[in-house]
1. Residue A:102 passes all but one of (1) among the β-branched types (Val, Ile, Thr); (2) free of Cβ contacts under 8 Å to residues at least 40 places away in the same chain; (3) surrounded by fewer than 23 Cβ atoms within 10 Å (Cβ to Cβ); (4) more than 13 Å from chain B (Cβ to nearest Cβ); which number fails?
2. Just to be sure before I move on: is residue B:227 under 17 Å from residue B:85 (Cβ atoms) and at pLDDT 85 or above in the structure I sent?
3. Output the number of residues of region B:411-451 satisfying the condition of being aromatic (Phe, Trp, Tyr) and within 14 Å of another protein chain (Cβ to nearest Cβ).
4. Given the condition among the aliphatic types (A, V, I, L, M), assigned to a loop (DSSP other than H, G, I, E, B) and within 13 Å of chain B (Cβ to nearest Cβ), answer yes or no: does some residue in region A:110-118 qualify?
5. Being under 26 Å from the mean Cα position of the chain (by Cα), among the aliphatic types (A, V, I, L, M), surrounded by 15 or more Cβ atoms within 10 Å (Cβ to Cβ) and in a helix (DSSP H, G or I), is that true of even one residue in region B:297-304?
6. Across region B:313-339, which residue is nearest to the other protein chains (Cβ to nearest Cβ) among those that are closer than 30 Å to residue A:201 by Cα and β-branched (Val, Ile, Thr)?
7. Within region B:205-216, is even one residue over 30 Å from residue B:405 (Cβ atoms) and among the hydroxyl-bearing types (Ser, Thr, Tyr)?
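The values are calculated or read from the model by the stated rules, or taken from the named source; none is laboratory data. Just so it is clear, the structure is predicted and the values come from calculations on it, not from any experiment. All Cβ positions, glycine included, derive from the backbone under ideal geometry; neighbour counts span all protein chains shown.
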Amino acid sequence: MSVTADDILTQPRHVELPVKDDARDAFERLTETVGTVTVADPKMRTEHVDVFYGEKQAIFDVSLDIGNNEVIAMIGPSGCGKSTFLRCLNRMNDTIPTCRVTGSMSLDGEDLYGAELDPVLLRARVGMVFQKPNPFAKSIYDNVAYGPRIHGLAANRAELDDIVVDSLKKAGLYDEVKDRLDAPGTSLSGGQQQRLCIARSIAVSPEVILMDEPCSALDPIATARIEELISELSQNYAIAIVTHSMQQAARVSQRTAYFHLGKLVEVGDTKQVFTNPTHELTENYITGRFG
Amino acid sequence: MSADKVTDAAAVPPNKENKENKVSGGSLATELVRASLARRYAAERRFRWYGIFAIAASLSFLVFLLASITIKGLPAFSQSFVNLEVDLSADALGVALDAPADELRRANYAGVVKAAMRERFPNVDGRSEKKALYGLISTGADYLIAKRVVANPELVGQKISFWVPADDELGALVKRDADFSQPETLVTRMSDQQLAWAAELEADGDLEVRFNTTFFTNGDSREPELAGIRAALAGSAFTLLITFVLSFPIAVAAAIYLEEFAPQNRWTDLVEVNINNLAAVPSIVFGLLGLAVFINFFHLPRSAPIVGGIVLSLMTLPTIIISSRASLKSVPPSIREAARGIGASPLQVVFHHVLPLAMPGILTGTIIGLAQALGETAPLLMIGMVAFIVDVPQSITDAATVLPVQVYLWADSPERAFIEKTSAAIMVLLAFLIVMNAVAVMLRKRFERRW
């Protein structure tokens, strides 16, 4: 007999979600990160970091190194804690009163949360680019010049001009704005604004640049330009980039770290993580079973 | 469905199109929506008319207020003058030809002015008639002539033509183009005899109406024609200056601390609640505070702009704090994050980034607070600014009065000239406010351009 649509629609349906159950077990069984978290001669080292928002724990025992002149991508589903972890690296979580960070984090061997390290100095050495471009309400010149001015990096106006032009060139924005440096920073397009924010971070000569989903608010062409920029910048700076797009992580990074619900599941060489992931959670995410 | 149809039939005006809709029409939902549309559009139209009516009513009240004030106050800006031929001979003045300034100042100007009046009307006899004659011109004429002679001592020995202010009764009649040839039609305190003299002066062209500069150069006076607003204006300016200098920095700093730096605990909440409550305290209570603490305890001078300024700044503090906090809150957190991310210290974040963006709102709150302070009368009455102040205050510790109090004092007097001056003082007060608002709008535009 033929099966009619009604038969199918009226039959009780038994839905199996094997992925979810397995995933929860796999997550609970995870006690140690798969892959090598450490690198030789790291720029930044984090060990056994826990982050709490009030009573709720957001990051569980994460240890990760960031090497010199490398791009490390942090991927994972929404709410897995990658942005939280990134913001700990330059103590931006200090501004959230309920946030508590335990564990050890160090930059060139100096403890980030120690008494000797000034957070203002730390943020000059570890710069940050945010998800939504946020130029200051000043001219393009003043946007880039603000950092060097407050940190006293330029002795006179000529040196300041040099720093500004140099940073804009490195960010790939100089040719487009060189004849309107006095225009307000907000008059640029989205992609240009993000490059302006990158130029602003570079102007204070940081050692590490943290990027929190820098291209998520941009169109594909602007995204491509910024990805090119990241590859060029990695020759001089260590870059940690949080991204939702696995293709982007595969394109720009040398190492990739996969976060899941606050735990660092796997970290390793980008090619290896994307073509032959070790842990099943990583595999599920990469193949699109969830995320 | 039928219930809907009944209400719709009541709300929707019947016309051909409607009947068609009920007959034809698409699905049930579309039918219901179409039926409700007419009702909804009718409600929108009604609401728009309410709005227009409300605006018209407010505008008409405003126009009525401004028109009545202007009509009553405009005459105060003109003053009537009487032309006198004054003989400044050395004998009549009682001084030597080249006498020094202080001797000139004390010369017999009253006698000289009276002699000029008697010369003009030689047939006047008897003390009461002469008194009536002298009553045609202002008692301040002596002082004005004295000022002229002291400034130009070479006038001694000459005969000059001098325009003196008319007495306020005569002046009022002249300003209203009264017909002196028909004295029975005029309602005035002047006698018929005086009106006859006035008619003669007018016929000879010795009566004139000019712009009233004494309104802006003199302080208050018992004589209506000599009363001016300068003392009150200076007092208001000093008081407002003290208020601004005290309240603006304190309030903005308090708002910045509460918004950016204060920890979120019970003490902060307590402070916030108290500041909000302070905005609701009746203003006369601040006057009592000023009297008890600043005048009695600290022995600051009574009726001085400094005390008035302190009292008014206590009143304006809550207004500025509340509006500053609101505008600081409205600065997006992404700006603060960007600044902090680049290594700006907390103070640099606030002063270089947050404050410039919040400035338009802060300025608006400041102007609202200062405009309220400008019009405050009750607290200033308590600290003694209701006194009769004739001299223009030169510093913040001189006794002074303010514009609203001056209006209040003049409103008590029955003379017509004071009625006009009350309205004129209100016009000056409004002009002061408009200038302040214009300055605020200019400053706001300057800051707003940078965003």
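1. (2)
2. Against the criterion (under 17 Å from residue B:85 (Cβ atoms) and at pLDDT 85 or above), residue B:227 does not qualify.
3. 2
4. yes
5. The answer is no, given that none of the residues of region B:297-304 is under 26 Å from the mean Cα position of the chain (by Cα), among the aliphatic types (A, V, I, L, M), surrounded by 15 or more Cβ atoms within 10 Å (Cβ to Cβ) and in a helix (DSSP H, G or I).
6. B:335
7. Within region B:205-216, none of the residues are over 30 Å from residue B:405 (Cβ atoms) and among the hydroxyl-bearing types (Ser, Thr, Tyr).
Residues are listed down the side, and each one gets a yes or a no for (1) touching a helix residue (DSSP H, G or I) at 6+ places or on another chain (Cβ under 8 Å); (2) among the acidic types (Asp, Glu); (3) away from every other protein chain (no Cβ under 14 Å):
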| residue | (1), (2), (3) |
| --- | --- |
| B:220 | yes, yes, yes |
| B:225 | yes, yes, yes |
| B:250 | yes, no, yes |
| B:261 | yes, no, no |
| B:265 | no, no, no |
| B:279 | yes, no, yes |
